[in-house]
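Q: Got a structure here, written out as structure tokens. Questions coming.
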Amino acid sequence: MLNNYCKLVLLICCITANSGCSRKTTEAISPVIEKKAEPVKKIWVKTDPVQCRGNAWEKDWQKSNREFYPKEKEKEVIIAYYKKQNTTVFELKTKRTHEDVCEACTCPRGDTLYLLIAKGDEDKMLELGYKHHVDGE
């Protein structure tokens with residue numbers, strides 16, 4: 001009797017398990033389409049760094065480092081600083097723009113710093129004193 005009961009339960013399980021597979025469906029199967037990320041709109045901003053390690057990225061670096069400021073690695077220092085400020089710098093350029101500079105710490109050091117950033121970070125950078133840069137200026 002127990003053997004017949006087990007066979008019956010097994011038969012019912014097999015029938016119910018297969019019943020969903022043999023059903024025909026009229027529902028359309030929609031393909032999964034991955035949306036490609038929109039390209040980030042980027043803009044150039046510029047500033048004239050000052051002398052005497054008075055720029056925000058230099059001050060930030062000096063808070064956690066006891067060595068001399070690594071002028072030869074300044075691009076990496078700048079990119080890391082703005083990353084901490086939640087601003088991605090996609091590209092960074094410097095150009096000698098002032099031949100004559102004064103020696104005061106508030107004077108420009110003689111170059112202009114150009115940063116390529118996301119358009120969404122524009123207001124933040126303008127508040128920090130950056131200006132728009134248009135190619136050909």
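Q: Give the residues of segment 71-126 that are assigned to a strand (DSSP E or B) and charged (D, E, K, R), sorted by residue number. Spell out the reasoning first.
A: Of the residues in segment 71-126, the ones assigned to a strand (DSSP E or B) are 89-96, 108, 111-118.
Within segment 71-126, Glu91, Lys93, Lys95, Arg96, Asp111 meet the criteria.
Q: Considering each residue of segment 105-123, count those that are surrounded by 15 or more Cβ atoms within 10 Å (Cβ to Cβ), under 12 Å from Thr87 (Cβ atoms) and either touching a Cys at 6+ places or on another chain (Cβ under 6 Å) or not hydrophobic (A, V, I, L, M, F, W, C) (or both), and give that number.
A: 2
Yes/no per residue for (1) among the basic types (Lys, Arg); (2) modelled with pLDDT of 95 or more; (3) surrounded by 14 or more Cβ atoms within 10 Å (Cβ to Cβ):
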{"site": "Glu67", "(1), (2), (3)": "no, no, no"}
{"site": "Pro70", "(1), (2), (3)": "no, no, no"}
{"site": "Ala80", "(1), (2), (3)": "no, yes, yes"}
{"site": "Thr87", "(1), (2), (3)": "no, yes, yes"}
{"site": "Phe90", "(1), (2), (3)": "no, yes, no"}
{"site": "Asp100", "(1), (2), (3)": "no, no, no"}
{"site": "Glu103", "(1), (2), (3)": "no, no, no"}
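The values are calculated or read from the model by the stated rules, or taken from the named source; none is laboratory data. Bear in mind that the values here come from a model prediction, so they are computed numbers and not experimental data. Positions of Cβ are generated from backbone atoms using ideal geometry, with glycine treated the same way; all protein chains shown enter the neighbour counts.
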